[in-house]
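Undergrad: Let me begin by handing over the structure; questions about it come next.
The values are calculated or read from the model by the stated rules, or taken from the named source; none is laboratory data. Source: prediction; values computed, not measured. Surface areas here come from the heavy atoms of the whole protein model, side chains and all, with no ligands, DNA or RNA. Shrake-Rupley method; radii C 1.70, N 1.55, O 1.52, S 1.80 Å.
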Amino acid sequence: MALSEHEQRLLDQLEQQLHADDPKFAHSMASDTRKSMSTRRLVIGSLITIAGILVLLAGIVYQNIFIGVVGFLIMGGGVYFATTKSRQVEAGQPMGKPSKAASGGKTGFMSSLEDKWDERKRDQT
């Protein structure tokens, strides 16, 4: 279920406040889509793995151990390539909003959230 615009703004404000208050914790908790498996690397790795399987099968057909071992190494390299992250992504800067405080400051922002929470609780009872 998608968030409403108001909920998305509140979430963005909370994220900015977290980055401002504790950037180390925010960085460790950030979900970075760039750091997840890349579709491009997955496809290329899969193609390399398939090529390795074909070379391995060729080694079996020709009863040549050297060709079979090379095919196995190619296959293993393809799996390794598909399941690892690129160095460019690992060396990149952490994803997330820039570390800047909310416009109202911590007390203003937190107090407004508390007021909204209290108002919701009163409406429910």
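Undergrad: With a 1.4 Å probe and all protein chains in place, put R87, R9 in order of accessible area, largest first. Could the numbers behind the result be given before it?
TA: Values: R87 205, R9 135 Å².
My answer, sorted largest first, is R87, R9.
Undergrad: Of L18, L113, which has the most accessible area with a 1.4 Å probe, and how do the rest follow in descending order?
TA: Working: L18 65, L113 40 Å².
In descending accessible area the options line up as L18, L113.
Undergrad: From the protein chains alone at 1.4 Å, what is the descending order of accessible area for F72, F81, F109, F25, largest first? Walk me through the numbers on the way to the answer.
TA: Values: F72 125, F81 65, F109 15, F25 95 Å².
Most to least solvent-accessible, the answer reads F72, F25, F81, F109.
Undergrad: Here's another thing I want to ask about it. Pull up the cross-link candidates among the aspartates and glutamates for K24, meaning alpha carbon to alpha carbon under 15 Å and not fewer than 8 places away within one chain.
TA: E15, D32
Undergrad: To the nearest 10 square angstrom, how much accessible area does I74 have with a 1.4 angstrom probe?
TA: Ignoring ligands and nucleic acids, I74 comes out at about 60 Å².
Undergrad: Also, quick follow-up: Keeping all protein chains in position, work out how much accessible area V55 exposes to a 1.4 Å probe, and write it in Å² to the nearest 10.
TA: The value for V55 is about 50 Å².
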